[in-house]
Amino acid sequence: MIASLSQAQYSIKGTMTTSHENNWVILYKIEGAKQIYIDNMNVKKDTVFVDGVKKLIANFEFELPEKSQKGSYRATYALKGAGFIDFLFNNEDISFTFNPEYPEQSVSFLKSEENKLYKGYLQAINTKQQKLDSIQMVALRNPNDSVSKTYKRILEKVNDVQSRYLEKSKNMMVNHFIKATLRKNSPEIIMSMQNYLSSFKVGFFDNMDFSDEVLYNSSFLVDRITNYIFDLNYSKKAALQQKIYKESIAKVMTKIQNLEFKKDISEFLITQFEASKNIEIVDYIFDNYYKKLPEGLQSEKFTTEILGKLAVEIGRIAPDFSWKEDESEYSLATLKGAKYYVLAFWSTGCSHCLREIPQLHTFMKNKTSTKVIAFGMEKDNYAWDNYIHRLSGWHHVLGLGKWENKTARTYQVYSTPTYLVLDADKKIIAKPDTIKDVMGFFDK
């Protein structure tokens, strides 16, 4: 029984060749655009001597049961930046070393035929491909027959590397990645930059099978999609960039037939564009792809969370709220008669507010085309009732509950005073940081 148990697991050993500030490593399995948690552990730090020089290293080792799923795994040692190593697991022990400062470039596999072969292939194909690209660039600057012949000779070497590694990897998991990695190169040298870039983008996904479950259950397709949308399709002109984003997303979505993967990629891209506050593209993905998925695949929680984060970004219609004032009912959406509206969240318990709000009141007296809605975030109404008489001509809203007030939370108010400028349609057009910024907006 002891002998049997000793063979019923696989080891994943890693060594960081320099000390790292984090003391833990998390092991995940990659499935589509998701990371599935497997295990975590603390690293063991040790001192070694290399050529007489003292070095601090960190080791970790995971054990996978015999029946663990084959596929792509990830060892994460930092939550920000490129703080992880991806590797293939196909029922074999794995051992690797890497420098945590540049993991992808420095990783070296000491044990694992799958990963050794893939690492060797990437080094070989990238070297040949870079030479081919260099010749192509030379031809664009100075086309001639000699350059064309050199291009064809190197292209043969690129194809030879591909053929040799496809043969070496027969019946191995890595074969799927080798097939998908090769770029589609033109058989002839291209004589114009426009045609070169066009051919590169048009053929970018040609060797990738989006229905391949091995590729699907890895970071490969997600990495290539990210590269295609965010790196390959770029313009300095903002309006053109938005158009290019939409076109590149549309091309990616036509490649994906698996609805679960389409959902994962949609959520991944929405999250990426939400982080950069690109409301237009977030809305584009929601309207054209996410909301067209079967209802069972859509996540109401995800939709509410993302749209909630963007609810008060520039370009959005300000969320509506209502209040009672002088026995009359008001709501932000139905206010009329102004070209601009200033929404100011403040509190009588805030020293900055007691300095800035009177300044705002004085400044706004001559701005007849602007109305101010002063939203008081208070624990009770006593101080607020006594103070607002100094701020005549404004709409005053009492927001009890202060930081827990529902409207304040909707507007993501984390400090007071907080200012927003709206146009006549209540669209948010500015989010000034300070009273000086508010004044600067209207002075312009």
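The values are calculated or read from the model by the stated rules, or taken from the named source; none is laboratory data. Note that the structure is a prediction, hence the values are computed from the model and not measured. Virtual Cβ from ideal backbone geometry, glycine too; neighbours counted across all protein chains shown.
Things to note:
- Boolean, THR407 is part of a loop (DSSP other than H, G, I, E, B), in contact (Cβ under 8 Å) with a residue 24 or more places away in the chain and either closer than 11 Å to PHE375 by Cα or not charged (D, E, K, R) (or both): no
- Check on SER218, closer than 19 Å to PHE87 by Cα and in a loop (DSSP other than H, G, I, E, B): yes
- Set side by side, the residues LYS365, LYS426, LYS436, LYS444 differ, and just one is basic (Lys, Arg) and under 21 Å from SER328 (Cα atoms), which is LYS426.
- Scope segment 152-185; condition without any contact (Cβ under 8 Å) to a residue 24 or more places away in the chain and polar (S, T, N, Q); matching residues: ASN159, SER163, ASN171, ASN175
- Filtering segment 125-144 to residues that are surrounded by 14 or more Cβ atoms within 10 Å (Cβ to Cβ), closer than 24 Å to ALA180 by Cβ and not β-branched (Val, Ile, Thr) leaves LYS128, GLN129, LYS131, LEU132, ASP133, GLN136.
- Residues considered: ALA311, ALA333. Of these, the only one that is more than 21 Å from the chain's Cα centre (by Cα) and either assigned to a helix (DSSP H, G or I) or under 26 Å from VAL413 (Cβ atoms) (or both) is ALA333.
- Against the conditions (1) assigned to a loop (DSSP other than H, G, I, E, B); (2) in contact with a helix residue (DSSP H, G or I) (Cβ under 9 Å, 6 or more places away or on another chain), PRO143 satisfies every one except (2).
- Top-ranked residue of segment 258-300 - restricted to ones that are polar (S, T, N, Q) and part of a helix (DSSP H, G or I), ranked as surrounded by the most Cβ atoms within 10 Å (Cβ to Cβ): SER266
- Segment 372-384 residues that are more than 18 Å from TYR411 (Cα to Cα), paired with ones that are assigned to a strand (DSSP E or B) and of a type outside the set (Gly, Ala, Ser) (beta carbon under 7 Å, 6 or more apart): ASN381/LEU398; TRP384/GLU378; TRP384/LEU398
- Flag if LEU354 is closer than 21 Å to THR418 by Cβ, surrounded by 13 or more Cβ atoms within 10 Å (Cβ to Cβ) and either more than 37 Å from the chain's Cα centre (by Cα) or free of Cβ contacts under 8 Å to residues at least 12 places away in the same chain (or both): yes
- Residue that is touching a strand residue (DSSP E or B) at 6+ places or on another chain (Cβ under 7 Å) and hydroxyl-bearing (Ser, Thr, Tyr), where the choices are SER163, SER108, SER146: SER108
Residue-wise test of (1) in the same structural domain as HIS176 (by TED's automatic domain parsing); (2) without any contact (Cβ under 8 Å) to a residue 40 or more places away in the chain.
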site	(1), (2)
ASN90	no, no
ASP93	no, no
PRO100	no, no
GLN105	no, yes
GLN123	yes, yes
GLN129	yes, no
ASP133	yes, yes
MET137	yes, yes
ASN142	yes, yes
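- Residue pairs meeting the criteria (Cβ under 7 Å; at least 6 apart or on separate chains; first surrounded by fewer than 17 Cβ atoms within 10 Å (Cβ to Cβ), in segment 192-205; second of a type in the set (Lys, Arg) and in a loop (DSSP other than H, G, I, E, B)): GLY203/LYS184
- Screening TYR290, TYR284 for residues that are touching a Ser or Thr at 6+ places or on another chain (Cβ under 7 Å) and modelled with pLDDT of 95 or more leaves exactly one candidate, TYR290.
- GLU329 vs. criteria of a type in the set (Asp, Glu) and either free of Cβ contacts under 8 Å to residues at least 60 places away in the same chain or out of contact with any strand residue (DSSP E or B) (no Cβ under 9 Å at 6 or more places or on another chain) (or both): yes
- Filtered residues of segment 159-217 (kept if under 30 Å from ASP145 (Cα atoms) and acidic (Asp, Glu)): ASP160, GLU188, ASP206
- Of all residues in segment 83-110 being more than 27 Å from GLU21 (Cβ to Cβ) and not aliphatic (A, V, I, L, M), the one that is surrounded by the most Cβ atoms within 10 Å (Cβ to Cβ): PHE89
- Residue list for segment 33-62, restricted to those being loosely packed, with under 14 Cβ neighbours inside 10 Å, at pLDDT 90 or above and more than 30 Å from GLU213 (Cβ to Cβ): ASN42, LYS44
- All of LYS170, LYS149 fail the test of being exposed (fewer than 14 other Cβ atoms within 10 Å of the Cβ), out of contact with any helix residue (DSSP H, G or I) (no Cβ under 8 Å at 6 or more places or on another chain) and outside any helix (DSSP H, G or I), apart from LYS170.
- Selection from segment 274-306 of residues that are within 26 Å of GLN241 (Cβ to Cβ), hydroxyl-bearing (Ser, Thr, Tyr) and free of Cβ contacts under 8 Å to residues at least 24 places away in the same chain: SER276, THR303
- Of the residues TYR73, TYR37, the single one that is without any contact (Cβ under 8 Å) to a residue 12 or more places away in the chain, in a strand (DSSP E or B) and of a type outside the set (Asp, Glu) is TYR37.
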